[in-house]
1. Rank Q134, P38, G77 by how far each Cα sits towards the positive end of the charge dipole of segment 3-244 (+1 on Lys, Arg Cβ; -1 on Asp, Glu Cβ) and give me just the farthest.
2. Please compute, for the alpha-carbon atoms of segment 376-487, the extent along each of the three principal axes and give them in descending order in Å.
3. Could you pull out every residue, at least 5 positions away or on a different chain, whose amide H is within less than 5 Å of the one on I73? Hs are placed 1.01 Å off N in the peptide plane, and Pro or chain starts have none.
4. Read phi for every residue in segment 54-65 and hand back ³J(HN,Hα) as whole Hz from Karplus 6.51 cos²θ - 1.76 cosθ + 1.60, θ = phi - 60°, with x for Gly and Pro.
5. Mind checking the dipole of segment 3-244: about its Cα centre, +1 per Lys or Arg Cβ, -1 per Asp or Glu Cβ, Debye to the nearest 20?
6. With a Förster radius of 45 Å, plug the Cβ-Cβ distance of S496 and A49 into 1/(1 + (r/R0)^6) and report the FRET value to the nearest 0.05.
7. Got a sec to turn the phi values of segment 186-201 into Karplus ³J(HN,Hα) couplings, 6.51 cos²θ - 1.76 cosθ + 1.60 with θ = phi - 60°, whole Hz, x for Gly and Pro?
8. Enumerate the amide H contacts of D175 below 5 Å, restricted to partners 5 or more residues apart or on another chain; note that Pro and chain-start residues carry no placed amide H.
Amino acid sequence: MSLYLGIDIGTFESKGVLVDGSGEIVATAAHQHKMLVPQPGWAEHDAEADWWGDFKRLTQSLLAQSNADPKSIKAIGASAIGPCMLPVDKAGNPLMNGVLYGVDTRAAEEIRALTAEYGEAVLLSETGNALTSQSVGPKIQWLKNKRPELYAKADKFITSTTFIVHRLTGKHVIDHYSAGSWQPLYSPAEEKWSPRFAKGICSQDKLADVMWTTEIAGEVTAKAAAETGLAAGTPVIAGTIDAAAEAVSVGVLAPGQMMLMYGSTIFIILVTAARGQDARLWYAPWLFPGQHASMSGLATSGTLTHWFRDQFSHEFTDAKQGAIALAQEAALSPPGAKGLVALPYFSGERTPIHDPDAKGMIFGLNLTHTRGDVYRSLLEGIGHGTRHVMETYANAGQQVSHIEAVGGGTNNDVWLQATSDIGGFAQAVRAKTMGASYGDAFLAALGVGAVKASDINEWNKAARNVAPNPAVKPLYDRQHATFRALYERNRDLMRSV
């Protein structure tokens, strides 16, 4: 039997899967870890323990569960949270914790300085993106400014997937989609690193080699084989960011198709026929030559539900039980959560407002409200944030023909339905919703020519459709106006806290 291994390293949990040549799942595994928040606005992972450590644990677990001969694994695909910034030494060892994606807002000063130096219009035209907390270039600049001794020791600046692939193969590579988030260091027009805006940030020899996602980066080394149980010589693809692998897992391949990922953050990918250019959204080349992607994301989504569960459901010792109980309580609260409107900006906000100083808010509380009402208001607040993003796509002239929902949040019916009701759009849900690791396995099979791209629709078939309820549209339209006004009227106050 030919098998394909997919491993994804997430914000709070890593997942792995072994699948056969027809996409049937042979074994699955998961392992939880913590997001480190050493101070407000910072978000980190221990790369050794959380990235490579989880990869080893999951691989060993999958091999043990399946009793598979490691030589039956024909290709390996990995994805991870991103874009991240990790300085490593010449041996590839981390010099500090990995700095996470847009939820880490430490480089706000560097973003302002670089934008002032080059001009937002120039950056947008040349790199496809304005500089935001999602951009890696300013975070390297932050390291140079604030931790010059570590900056000087760095042989490479890499992202999470690059770190894993290097541990497997000894090669430093990054896919074009991930490199597209390393603004202002990557040129989408030239599809390569560009020195145009790199002055003062870092030289190109400090960056990984750019490849397409399904290109073979290398083979599992003898050292990596000894650590993981994999067979030396197994092909490893370049891999990608978790959200992109998740989009592939549910068949988002053609222009107009969109993935709406319910994870630690809401992350959205729209495949487009042409390169987009809007400062409120993000742009990157898609996973395959000649295709493009327009992305967006909220800063806190699953992270916010985890926070609420941890702080306000102490009677449940099991996290999963607590999540189920809170979802049941939220289901007892009516649409609109008895008048509550929440801003989900508990870690600033990414698209479309790009405001690291934005703050969370629960508006309209009175003594009749229950825990279920408050929890529902947070789910609906995420839904209003998602609608704000969808309105931005429409304003930017980017057409959406089909939406695929994926991720752990699709198991929360209240959240899923409220998002459709608030936004006024339907969502399709596939039979397999485990997400990025499944997409990684498919991309690995694609990389060695075992499948073609359209085969994902046979691997993972459509299961159900979530349609908006027109009866609650007037209520949610009123609340959405309140949602937008709460931020606009309190933005200056948020910056003073």
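Just so it is clear, none of the values below were taken in a lab; they were calculated from the coordinates. Bear in mind the structure is a predicted one, so any value in this text is a computation, not a measurement. Quick reminder, even Gly has a Cβ in these numbers, built from the backbone with ideal geometry, and neighbours come from all protein chains shown.
1. Of the listed residues, the answer is P38.
2. Principal-axis extents of segment 376-487 (Cα, largest first): 51, 30, 23 Å.
3. Under 5 Å from the amide H of I73: L3.
4. Per residue, the Karplus-derived 3J(HN,Hα) values read 5, 4, 5, 4, 5, 4, 4, 5, 5, 5, 5, 4 Hz.
5. 500
6. Calculated transfer efficiency: 0.75.
7. 10, 9, x, 5, 8, 6, 6, 4, 10, x, 3, 10, 7, 3, x, 9
8. Those lying under 5 Å, H to H, from D175 are M211.
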